[in-house]
Each structure stands twice: as C-alpha cells, then as structure tokens.
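These notes concern the structure reproduced below.
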Amino acid sequence: MSHDAALGVPAHTDGAPTPPAARPATAPRVRRRRAPAAPYLLLVPAVVALLAGLAYPVGRQVVMSLQRYGLEQQFGQPPQFVGLDNFARVFTDDSLWAVVTRSIVFCLVNALLTVAIGLAFALLMRAVHTAVRLTLQVCLLLAWAMPMVAGVTVFKWLFDYRTGVVNWLLVQLGLDGFRDFSWLSQPFTFFLVATLVIVWMSVPFVALSIYAGLTAVPEEVLEAARIDGASGRQQLWHILLPMVKPVLSIVLLLQVIWDLRVFAQIRLLQDAGAPVSETNLLGNFIYELGMSRQDFGGAAAVSIFVLLLTVALSWPYVRSLLKEDA
C-alpha cells in the first residue's frame with residue numbers, strides 16, 4: 001500500500017484530469033462602480049466662466065509678446081511679428097533680473113511675516129475671553145475694510161520726513177539721527193515701510209482664516225492631551241498646527257501670489273519721492289515698460305514670465321494636493 005493510500009488520500013494517475021471538486025473556485029469578478037457625472041456637470045459653468053474671463057486676456061498677452069507693439073501701433077499701424085525677440089531683448093537686460101530678485105525676496109518675506117503674525121493673532125483670539133476676542137475681530141475687520149489708497153496715504157503721512165509722527169516719536173526718544181529722516185528716499189527703508197503697509201492690510205484675512213480653522217479643532221482632543229501631561233507648546237506643535245495645516249498652506253499660497261503681484265502700494269509710495277529704478281517690483285516694471293517706454297511687446301513678455309513664475313512658486317502646494325488625492 002502506498003503512503004497516500006495509507007493516509008486515505010486518493011491516488012492520481014499522471015495525466016488524469018483533476019476532479020471538479022478539487023479545482024480552486026474562481027474569484028468573483030468585481031465590477032467597478034462608475035463615478036457619477038453630476039459633479040463634473042456642476043463644474044462646467046465655473047470652467048466656462050474661467051475660460052471666458054482668462055482665455056482672451058492671456059491669449060492676447062501671448063500674441064502681443066511675439067509682436068513689436070509700440071506707440072505706432074497705438075495710432076493704427078499694424079504690429080510686426082518678431083517671434084522671441086521681445087523675450088531675448090528684455091531678458092538680457094540686467095535691470096530685469098535685479099527686479100526679479102527683489103520681487104521674490106520681497107514676496108517671500110512679506111508672505112511668511114504675514115502668516116506668522118496672522119497665526120499669532122488667531123492663537124490670541126482663541127485664548128482670550130469673548131469680549132476681548134470680539135473687539136480684536138472688529139479691529140481686524142476695520143483694518144481689512146479700509147480702502148487701499150487711504151491706508152497707503154496714512155502711512156505716507158506717518159513716515160513723512162517733515163511732519164511725520166514716526167520721526168517725531170523717535171526724536172523724542174533721543175534718536176536725533178531721525179530728525180528730517182526721509183524713509184521713502186532710500187531703498188531699504190522704502191521696502192521697510194512697504195512691508196508694514198502690505199502686512200498691515202493682509203494680516204486680518206490670514207488671522208480670521210486661521211482662527212476659523214482653529215475653531216474646528218475638537219476640544220476633546222486638547223483635553224485628552226492636557227490629561228496626558230502635554231504642555232501648551234506641545235499642544236500647539238503636535239495638535240493645533242497639524243490640524244490647521246491645510247488652512248496655513250492655502251493662506252500662504254495666496255499671500256505668495258498676492259505679494260508677488262503687488263503694484264498699487266509700491267506705486268503710491270514711489271510718488272512720495274522714492275528712486276523708481278531701485279524700488280521697482282515686477283508689476284511696476286511692467287507698468288514702466290508699457291506706459292513710460294511704450295514697449296507693450298516687452299511688457300507682455302515680462303507678464304508671461306510673471307505668470308510662469310507664479311505657477312512655479314505655487315507648484316509645491318499643487319504637488320502636495322496631488323499626493324494627498326493619490
């Protein structure tokens with residue numbers, strides 16, 4: 001008797017088919033559920049509106065960047081197609097790269113400073129009593145609601161070298177070097193004032209947005225952390241900030257985009273006597289090319305560059321979104 005027969009296992013002949021009962025069962029085929037089409041249909045109006053608002057302006061900029069478009073074309077002369085000559089002419093100018101470097105540094109400093117101060121205000125509003133919080137929120141809303149031109153004008157008055165309150169206070173404190181000191185005539189102090197203006201106008205939005213995110217943090221989670229002995233700093237770094245990370249990311253992205261394209265505040269401050277060539281940012285440089293030099297083709301080429309630069313600075317956030325959805 002064979003070993004298999006002794007164990008009660010039926011013997012199989014070579015080449016004999018496997019009995020049906022011994023064949024492995026075939027796994028049932030899983031049918032994928034089709035994604036509903038309703039969400040995509042609801043997106044169609046928004047996409048159409050976006051294309052209608054952006055397609056022509058961006059397309060017109062691209063076409064103009066490939067043409068010689070100057071003062072003659074403003075009076076009816078047909079533009080001449082020059083290919084990439086505008087890009088080659090503008091981007092070989094050293095003054096453009098000085099403006100690009102200045103704009104990126106100014107943008108990143110202002111964006112990080114705005115988000116840091118906004119986070120501090122949001123944490124403060126979360127910690128204080130209701131009356132103090134409401135007062136602080138009203139003050140932030142008033143600062144945010146102030147018209148931009150009025151806000152910049154007030155800062156110009158504050159830093160005026162003859163009648164400004166800032167110089168008067170510094171002199172009263174014994175700093176006689178600030179008597180008749182012109183803040184807006186030197187590049188470094190000019191951008192210091194510009195940073196104060198832009199941060200002051202941007203902090204309310206960031207602070208209120210982050211505070212809204214903090215209110216969504218469950219109190220039970222913080223209570224459990226306190227019971228486990230977590231300090232306030234540990235709760236901040238390991239609970240609050242990770243839970244509001246999406247809000248921090250989006251407000252930082254928006255600030256980078258807005259601060260890279262700042263124009264009006266710089267232009268209004270330049271009118272107070274600042275050196276234009278040393279205080280221009282990208283928006284002001286484009287304005288100078290188009291309106292002062294009548295070089296609309298070169299201005300369009302720089303505009304396309306600013307668009308690509310904005311996409312490049314925004315790409316890390318977009319890539320993180322794609323990883324989360326994957």
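Things to note:
- Length available on full extension from T130 to M291: 0.36 nm per residue minus the Cα-Cα distance, which gives 52.9 nm.
- Where trypsin sites (Lys or Arg not before Pro) fall in DSSP loop in the range 151-234, at most 11 other Cβ within 10 Å: R162, R179
- Among A38, A52, A216, the largest mean-square fluctuation in a Gaussian network model of the chain (Cα springs under 10 Å) belongs to A38.
- Helical segments meeting 27 Å axial Cα length and Kyte-Doolittle -1.0 threshold in the chain (DSSP H): 38-65, 94-127, 187-215, 296-325
- Full-extension gain in nm, F75 to V217, via 0.36 nm per residue minus C-alpha separation: 45.0 nm
- The order of M201, M146, going from fewest to most other C-beta atoms within 10 Å of their C-beta, is M146, M201.
- Around L282: net Lys/Arg minus Asp/Glu count, Cβ-Cβ under 9 Å: +2
- Residue exposure sequence - V171, V197, V206 - by fewest surrounding Cβ within 10 Å: V171, V197, V206
- Using C-alpha pairs below 8 Å separated by at least 6 residues, the relative contact order for the range 112-276 is 35 percent.
- Gain on full extension, evaluated as 0.36 nm per residue between R60 and C139 minus their Cα-Cα distance, stands at 24.2 nm.
- Over the chain, dividing the summed -39,500 (n - 2.57) contributions of all DSSP H runs of at least 4 residues by the number of residues returns a 222 nm mean residue ellipticity of -21500 deg cm²/dmol.
- In nm, spacing of pseudo-spin labels at S249 and V82 (7 Å Cα→C-beta vector): 4.3
- Between R226 and L192, the distance separating the two model label sites (each 7 Å from Cα on the Cα→Cβ line) works out to 4.2 nm.
- Take every pair of alpha-carbon atoms less than 8 Å apart whose residues are at least six positions apart; their mean separation over the length of the chain yields a relative contact order of 26 percent.
- Cβ-defined net charge surrounding R68, 12 Å radius [Lys, Arg +1; Asp, Glu -1]: -2
- Summing Lys and Arg as +1 and Asp and Glu as -1 over all other residues whose Cβ lies under 13 Å from the Cβ of H238 gives a net charge of +2.
- The simple spin-label model puts a point 7 Å past each Cα toward its Cβ; for V44 and W157 those points are separated by 5.5 nm.
- Ascending count of other beta-carbon atoms within 10 Å, so fewest first, for R126, R267: R126, R267
- Taking G151, G118, G232 in turn, the Gaussian network model of the chain (Cα-Cα springs below 10 Å) assigns the largest fluctuation to G232.
Read-outs throughout are calculated quantities, based only on the coordinates presented, and are distinct from any laboratory measurement. Just so you know, these numbers come straight off a predicted model, no measurement behind them. In this analysis, Cβ positions are derived from the backbone assuming ideal geometry, glycine residues included, and neighbour counts consider all displayed protein chains.
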